[in-house]
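This report refers to the structure that appears directly beneath it.
The values are calculated or read from the model by the stated rules, or taken from the named source; none is laboratory data. Please read all numbers here as calculations on a predicted model, not as lab measurements. Cβ atoms come from the backbone with ideal geometry, glycine included; neighbour counts cover every protein chain shown.
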Amino acid sequence: MDVIIQNLGIIINATLTATPPLLFAALGSCFSERSGVINIGIEGMMTIGAFSGVVAALLTGNPWLGFFCGGLAGALFGVIHAIVCISFGADQTISGTAINFLAPGIAIFFCKAIYKNSSQTPSLDTVQKLPKLFDGVFPVRSFWNNVLNTYTATYLCFILAVFIWFLFYKTSFGMRLRAVGEHPKACETQGINVFKVRYICVIASGFLAGLGGAYVTLATVNQFRPSVIVGQGFIAIAAVIFGKFTPQGSVKACLFFGLCSGIKTLAANGNYVSPDLISMIPYIVTIITLVLFVGKTRIPAANGKPYLKVK
């Protein structure tokens, strides 16, 4: 019985550790997609956020400042995506794909320029990492330590999810955001600035994706390397589709994908299966989810369609 409880605690802890980067990015994707702009560049925005966050933390010694800087780096690429797709009406999928190549390339370039031609940053010290909320409160091997003693940013991402749900469905801005993603021309005739709403949403998606990337390097990994995000941006996009483009649905989907990572962690600790097969679990589940749900989820009507202002 004690072994079962201990394993359950390990799974819950691993789930709560793996979920936040996915959830930050998925919430950002919700902003962009619901406003009518496809953002395939979430992966690249997470990567540049991961790099910027760890560099800022190394330079300042403040993990929260690094966390915020990671968000700002993602927001910068959100601005680029917004200009290209909203102002110039370029293909949104191609723009996002370009960001997925450009952002990691810039991260590696500056990493090599700053750290003597190395594509990896130095490792963070313990004080430079994001803190855990209940560190030292519970016995180290206790069930409650596994369940509750996770990073403060983990609790922050769930609070943020509630706030974004409220913003989407209980405020006038949220109503405009959702309307712009469905009928932008009708919104324009009602005095709603479609470009402004979409710019805000795409930049917000970049900021939140950057926070997700910074969480990875400031909490779970403690340094930047080129493969640090390893497809988490695409998993976050899959979670948004699985969650029907809603914040509450994205939370459930990210917890599900986080649970897959938790099972992967437990299986790896127990040496039950080949490590190569274990590492495939989240990606296999992502593919199955897309196959089952991508055709059944209602996409915002104007999603992916460039908008030209009514003259």
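Would you confirm whether or not region 126-139 contains a residue that is buried (at least 16 other Cβ atoms within 10 Å of the Cβ) and more than 21 Å from M46 (Cβ to Cβ)? Yes, region 126-139 contains at least one residue that is buried (at least 16 other Cβ atoms within 10 Å of the Cβ) and more than 21 Å from M46 (Cβ to Cβ).
Could you list, in sequence order, all residues of region 284-306 that are at pLDDT below 75 and farther than 30 Å from K264 by Cα? Of everything in region 284-306, nothing turns out to be at pLDDT below 75 and farther than 30 Å from K264 by Cα. Of the numbered criteria (1) touching a residue at least 40 places away in the same chain (Cβ under 8 Å); (2) part of a helix (DSSP H, G or I); (3) surrounded by fewer than 22 Cβ atoms within 10 Å (Cβ to Cβ), the one A90 fails is (2).
Can you spot a residue in region 248-258 that is modelled with pLDDT under 90, assigned to a helix (DSSP H, G or I) and of a type in the set (V, I, T)? Looking for residues that are modelled with pLDDT under 90, assigned to a helix (DSSP H, G or I) and of a type in the set (V, I, T), one finds none in region 248-258, hence no. If you go through region 171-216 and keep only what is hydroxyl-bearing (S, T, Y) and either farther than 22 Å from I299 by Cα or assigned to a helix (DSSP H, G or I) (or both), you end up with S172, T189, Y199, S205, Y215.
Criterion applied to R225, R198 was being crowded, with 24+ Cβ neighbours inside 10 Å and either at positive phi or of a type in the set (D, E, K, R) (or both), and the one residue passing it is R198.
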